[in-house]
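Novice: Please read through the structure below; I'll follow up with questions.
Read the figures in this text as sums done on the coordinates, not as results from a lab. The structure presented is a predicted model; accordingly, all values stated were derived computationally and were not measured. Cβ atoms come from the backbone with ideal geometry, glycine included; neighbour counts cover every protein chain shown.
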Amino acid sequence: MVIAAWETYPGAPAPGDALCDLADIPDPGTHSVNIGDFSVLLARRGGQVWAYVNACPHQYLPLDYRAADVLSADRAKLICSNHDAVFDVETGTGLGGFGQGCALDPVPVAIGASGRISIAAA
Ligand code: FES
């Protein structure tokens, strides 16, 4: 059995755990949800949502620590609010600054018919 990176964080939620509603995420924009000590950053463009462990690999601070919305103006990148590390919104791959050579840890999510977003089965 392969354990994904997000599952190794302390307090990682279980598949099926609810995160928020699609309407809670600005469109386009980002929104973070804390489940105990585990934080998930969700990014939205229309009906598409991507989710990552909300821990920037530079200093493991939440990407949205200093600003609620960390989606770039062109909606293609996440820019850490701490020291401007840049990541691809669709893959989490580091693209610039302190993001170079590293990546965000994706969290699988599913959007239910009611718009409820939950942790997806791996
Ligand atoms: S903590 Fe994200 S760039 Fe420094």
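Novice: Over the chain, with a Gaussian network built from C-alpha contacts below 10 Å, which listed residue (D21, D64, D105) shows the highest mean-square fluctuation?
Specialist: In this elastic network of the chain, the residue with the biggest mean-square fluctuation among D21, D64, D105 is D21.
Novice: Show me the chymotrypsin sites (Phe, Trp or Tyr not before Pro) within region 1-89 that DSSP assigns to loop and that have at most 10 other Cβ atoms within 10 Å of their Cβ.
Specialist: On the way: sites: W6, F38, W50, Y52, Y60, Y65, F87; in loops: Y60, Y65.
Sites meeting the loop and neighbour criteria: Y60.
Novice: For a quick check, take a GNM of the chain with Cα springs below 10 Å and name the residue from A23, A12, A51 with the largest mean-square fluctuation.
Specialist: Looking only at A23, A12, A51, the largest GNM fluctuation is found for A23.
Novice: For region 5-119, what is the convex hull volume of the alpha-carbon atoms per residue, in Å³? Don't skip to the answer; put the middle values down first.
Specialist: Working: hull volume 10.3 nm³, N = 115.
Dividing the Cα hull volume of region 5-119 by its residues yields 90 Å³.
Novice: Anyone know which of G92, G29, G11 comes out most mobile in the 10 Å Cα GNM of the chain?
Specialist: G11
Novice: Please compute the length gained on full extension between D17 and R45, using 0.36 nm multiplied by the number of residues separating them and subtracting their Cα-Cα distance.
Specialist: Taking D17 through R45 to full extension adds about 7.9 nm, to one decimal.
Novice: Take S72 and A110, extend 7 Å from each Cα along the Cα→Cβ direction, and tell me the distance between the two endpoints in nm.
Specialist: 3.2
Novice: For S32, which sequence-distant residues (separation of 5 or more, or a different chain) have an amide H within less than 5 Å of its own amide H, given hydrogens modelled in the peptide plane?
Specialist: Here L42 satisfy the definition.
Novice: Hey, another quick one. Which whole-number percentage describes the relative contact order of region 5-119, with Cα contacts under 8 Å and a sequence gap of 6 or more? Each step should come with its number before you reach the end.
Specialist: Values: 250 pairs, mean separation 29.3, N = 115.
The value is 26 percent.
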